Amino acid sequence: MEYRAPAPENSAPLSVGQIAEMVGGSVEGNAEVLISGVQSMEGANADDAVYLSPGAPKAVQHSYQNCRAGLVFAHPGADLKTAVCCIRVPQPALAAALLSQHFHLAQPRLTGIHKHAEVDDRARVGAGVTLHRGVVLGPGVVIGDGCVLHPGVVIYPGVSLGAGCVVHANAVIGSDGFGYEWSGQGHEKVPQIGAVEIGRGVEIGACTTIDRGTFGATRIGDGCIIDNQVQIGHNCQIGRFVVLCAQVGLSGSTEVGDGAILGGRAASVGHLRIGAGVRMAGAAVATKDVPDGMTVGGYPAWDIRLEQRMQARIRRMAR
Amino acid sequence: MEYRAPAPENSAPLSVGQIAEMVGGSVEGNAEVLISGVQSMEGANADDAVYLSPGAPKAVQHSYQNCRAGLVFAHPGADLKTAVCCIRVPQPALAAALLSQHFHLAQPRLTGIHKHAEVDDRARVGAGVTLHRGVVLGPGVVIGDGCVLHPGVVIYPGVSLGAGCVVHANAVIGSDGFGYEWSGQGHEKVPQIGAVEIGRGVEIGACTTIDRGTFGATRIGDGCIIDNQVQIGHNCQIGRFVVLCAQVGLSGSTEVGDGAILGGRAASVGHLRIGAGVRMAGAAVATKDVPDGMTVGGYPAWDIRLEQRMQARIRRMAR
Amino acid sequence: MEYRAPAPENSAPLSVGQIAEMVGGSVEGNAEVLISGVQSMEGANADDAVYLSPGAPKAVQHSYQNCRAGLVFAHPGADLKTAVCCIRVPQPALAAALLSQHFHLAQPRLTGIHKHAEVDDRARVGAGVTLHRGVVLGPGVVIGDGCVLHPGVVIYPGVSLGAGCVVHANAVIGSDGFGYEWSGQGHEKVPQIGAVEIGRGVEIGACTTIDRGTFGATRIGDGCIIDNQVQIGHNCQIGRFVVLCAQVGLSGSTEVGDGAILGGRAASVGHLRIGAGVRMAGAAVATKDVPDGMTVGGYPAWDIRLEQRMQARIRRMAR
């Protein structure tokens, strides 16, 4: 298997009418205008689409009136005059993301296994996978179809990734969990004989580390997005579509329910459950279970409104 | 020197009687039962051993009554009925760890230097060492007997590791300390001409970084265990058997006494001493010396009981 | 292009007189004494220079009286008796740094591209660059003259580094920003089509990660110094001579003004400005703009004096 040349990007422009159909929106203005990319408002040219966030203040809304972009995605309620060609959609940012996906691949996409990637004989690699330079797959590793592993990614023995995962450079999956017992003479290592099981469509950031289980597996559900420098301890059980922002740290055996969103550097002391749909503020530290759907902050993490009220009071004392 | 095939794991089962002798415990039940591994209670089969933690609640103790495991390690005081084959030991988890060490190596253990590891001519590598793919040893590096360096580990010039160390993937040892002087025109770099000296039997986690000393050495004592994504600044002096959990950050010239345990993301502002046997709560930040044996939390770190009392009071104010 | 042998270090000794001329100071004592290196006071020999910090307590000042060093850099006001050969300068540590730069290179300095570094055909590499083993440069990468990239550094497509940058091992520059839109069925990736533009003379620590922009570039100004395990989100705009200590985390679109100093693990929630010359205490978290020149601490970050007063009050409550 060899590196194959990247597929050409989708550079043929689309008309505003075609785009409206693609994203399920309604056109205001000239549906014949041709668009060939997505940009920020500042960087946009006449053949670019931009989007206006629904909650943007009036001044920002007005700046979109006069931008050079050929197309603005906007919420039905946004105050945009007819000078601008516009597609109305409930989620303008989502429409822009989908259009950008059409035009751009995030990276030039080679397919194949770089000659300086290393795949153990006992590893299994799916179809359409990209293993960049210096990737190492240990014995028993399973890589699903269409995965992309960037340079320097190390996958320890026995780890499995579902189809369509992306792992950024120098991330490490399946290193030993941190388990020792003090003997009186030293820290005796608890052999880490579990694995890591990662679902489909998971994206994992650069220099992120995910430890293997002590006995059973560390698990990451389908569709999770995990930023850079996240640390996931042994035997964590992460649900589906969970968001872990940069520098999050989850101690061993933390459970995280579906759709939870952990802000940058949020953490857990381990052996507890962060419920489905929970939102943790940046740097919040869970020291006990967090019920489903709750929004928490602080250390120990508790109701974010209480945290904010407490901060307001103790700060008032100091003024 | 070539990669050699892994030694076969110790798969021959042991009898409960043999195990009792190995771990120094007393048997209750049939000493002839054969055991071939260690597992969690949930994953155990009839030929597996499990362990019951001394402090486990009654309900957990009872669940061990009915588990499928062939052997339970338990504290002499644990309430286990005779249906279960049991070895009584003061530290059940330690007994399980030692038995697991017998059966399993944490990773399939190759010995030798991978053809894509790079060893400078002036580096010295001991006997029975494993250097995985992409490991780089600079000039003057010394690697003690039996060390294992996982893929992508980078050891800068002049760093030494004692016998029996394990370094996980993409860790970096000996990168420049963070030393500069402002000249009025820019930050003038202070050349980092010291080294890193690591003792025997130290384990270092994935993506951990340990800086070289500015002049003298950064030192890590024998038997320390260091988790993933730990940052150790230049000229830190870490004693023996110290525990640094994930994401700990020690600023330059921090001293840590023997046997101290720093919870996840604990930190020090540098140029201070964290005493022997100290315990720091997760995310605690030491801003001045911490006396031997103290347990601290908070930022600035202080007596953990005061921290907890303070948190209780300020939180009560907000309710 | 091949690895070339390192230039020999500057080992010829200098006289104290020559050094005084180099650093712009005045000699007290014998200007003929020969010096061949810089050391800490504890490690110094008769041919070494050391420096005495201006603010050092009397006891430390006196210890310099009796040290073995051949030369002490000291502030004009420091109380040093004539037994010691001394150069008076306003910034002793800076003088020592400049002298140490003369004698020592921080690392043995090879020049060239290691045969196991990978440079895409469409990347441009300047003169006198060192690319160590396992470095990967994607398409469109530009590396300025004299840069040093340590082993395992990964530079994604389209990233540019100015002249004289140093990037430590396993750092990652240009990985995808963390941008997604929830579709109701999953997190739709926002293609990250921007780049990273790094100025001249920037030093970047081991395992640090810098994300590419979503549309426009993430920018790091000239002369910044960035420690290990720092995370810089997409579209951050970092000014000149900014100092980011270890484990700092900047969320997307954070602006940092010239000369700001962020202590270890300081952070920003993103989409805000940390002003020029700001100083953030370790682990401080900016949740809104920080005005130029301010010194802040705490989370949310505010005036450091208020933070300290508040801490004093709430701690008094608990005693």
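The values are calculated or read from the model by the stated rules, or taken from the named source; none is laboratory data. Predicted model, so just to flag it, every value in this text is computed and none were measured. All Cβ positions, even for glycine, are placed from backbone atoms using ideal geometry, and neighbour counts span all protein chains on display. Just the protein is used for accessible areas: all its heavy atoms, side chains included, with ligands, DNA and RNA removed. Shrake-Rupley method; radii C 1.70, N 1.55, O 1.52, S 1.80 Å.
Listed values, structure above:
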item: Residues of region A:270-307 classified as open to solvent by 50 Å² or more (accessible area, probe 1.4 Å) and either charged (D, E, K, R) or not assigned by TED's automatic domain parsing to the domain that holds A:Cys245 (or both), total; result: 6
item: Single match in A:Val159, A:Val125, A:Val154 (criterion: away from chain C (no Cβ under 14 Å), open to solvent by less than 20 Å² (accessible area, probe 1.4 Å) and out of contact with any Asp or Glu (no Cβ under 7 Å at 6 or more places or on another chain)); result: A:Val159
item: Residue tally, condition part of a loop (DSSP other than H, G, I, E, B) and surrounded by fewer than 24 Cβ atoms within 10 Å (Cβ to Cβ), over region B:216-239; result: 6
item: Cβ pairs under 6 Å, 6+ apart, first in region A:278-289 and within 15 Å of A:Gly239 (Cα to Cα) and more than 10 Å from every other protein chain (Cβ to nearest Cβ), second open to solvent by 30 Å² or more (accessible area, probe 1.4 Å) and among the hydrophobic types (A, V, I, L, M, F, W, C); result: A:Val278/A:Met294; A:Arg279/A:Ile261
item: Residue that is modelled with the highest pLDDT [pool: residues in region C:42-56 that are closer than 18 Å to C:Val89 by Cα and in a loop (DSSP other than H, G, I, E, B)]; result: C:Leu52
item: Tally of residues being open to solvent by 10 Å² or more (accessible area, probe 1.4 Å), within 14 Å of chain A (Cβ to nearest Cβ) and not in a loop (DSSP other than H, G, I, E, B) across region B:139-151; result: 1
item: Some residue of region A:305-315 being out of contact with any Pro (no Cβ under 7 Å at 6 or more places or on another chain) and assigned to a loop (DSSP other than H, G, I, E, B); result: no
item: Unique match (being under 24 Å from B:Gly221 (Cα atoms) and surrounded by 19 or more Cβ atoms within 10 Å (Cβ to Cβ)) among B:Val84, B:Val135; result: B:Val135
item: Members of region B:57-94 that are among the aliphatic types (A, V, I, L, M), at pLDDT 95 or above and part of a helix (DSSP H, G or I); result: B:Ala93, B:Leu94
item: Residue count for region A:240-255, restricted to those that are assigned to a loop (DSSP other than H, G, I, E, B) and open to solvent by 10 Å² or more (accessible area, probe 1.4 Å); result: 8
item: Test: residue in region C:103-123 that is under 25 Å from B:His234 (Cα atoms), in contact with a strand residue (DSSP E or B) (Cβ under 6 Å, 6 or more places away or on another chain), touching a residue at least 40 places away in the same chain (Cβ under 8 Å) and not in a strand (DSSP E or B); result: yes
item: Near pairs, Cβ below 6 angstrom, 6+ apart or cross-chain, from region A:52-81 (of a type in the set (Gly, Ala, Ser)) to any residue that is open to solvent by 50 Å² or more (accessible area, probe 1.4 Å); result: A:Gly70/A:Ala46; A:Gly70/A:Asp47
item: Pairs with Cβ under 7 Å, 6+ apart, first in region C:295-319 and more than 11 Å from chain A (Cβ to nearest Cβ), second among the basic types (Lys, Arg) and surrounded by fewer than 16 Cβ atoms within 10 Å (Cβ to Cβ); result: C:Ala318/B:Arg309; C:Ala318/B:Arg313
item: Region B:23-41: number of residues that are over 13 Å from B:Cys85 (Cβ atoms) and in a loop (DSSP other than H, G, I, E, B); result: 5
item: Failed item in (1) in contact with a His (Cβ under 8 Å, 6 or more places away or on another chain); (2) of a type outside the set (Asp, Glu); (3) within 12 Å of chain A (Cβ to nearest Cβ), with B:Ser253 passing the rest; result: (3)
item: Where C:Val196 falls short, out of the listed (1) more than 7 Å from every other protein chain (Cβ to nearest Cβ); (2) more than 29 Å from C:Thr111 (Cβ to Cβ); result: (2)
item: Matching residues, region B:167-197, being assigned to a strand (DSSP E or B) and open to solvent by less than 10 Å² (accessible area, probe 1.4 Å); result: B:Val167, B:Val172, B:Ile173, B:Gly174, B:Ser175, B:Val196
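Listed here are the residues, each with its yes/no results for (1) in contact with a Gly (Cβ under 9 Å, 6 or more places away or on another chain); (2) within 14 Å of another protein chain (Cβ to nearest Cβ).
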residue: B:Val33; (1), (2): yes, no
residue: B:Gly37; (1), (2): no, yes
residue: B:Met41; (1), (2): no, yes
residue: B:Asp47; (1), (2): yes, no
residue: B:Pro57; (1), (2): no, yes
residue: B:Tyr64; (1), (2): no, no
residue: B:Ala69; (1), (2): no, yes
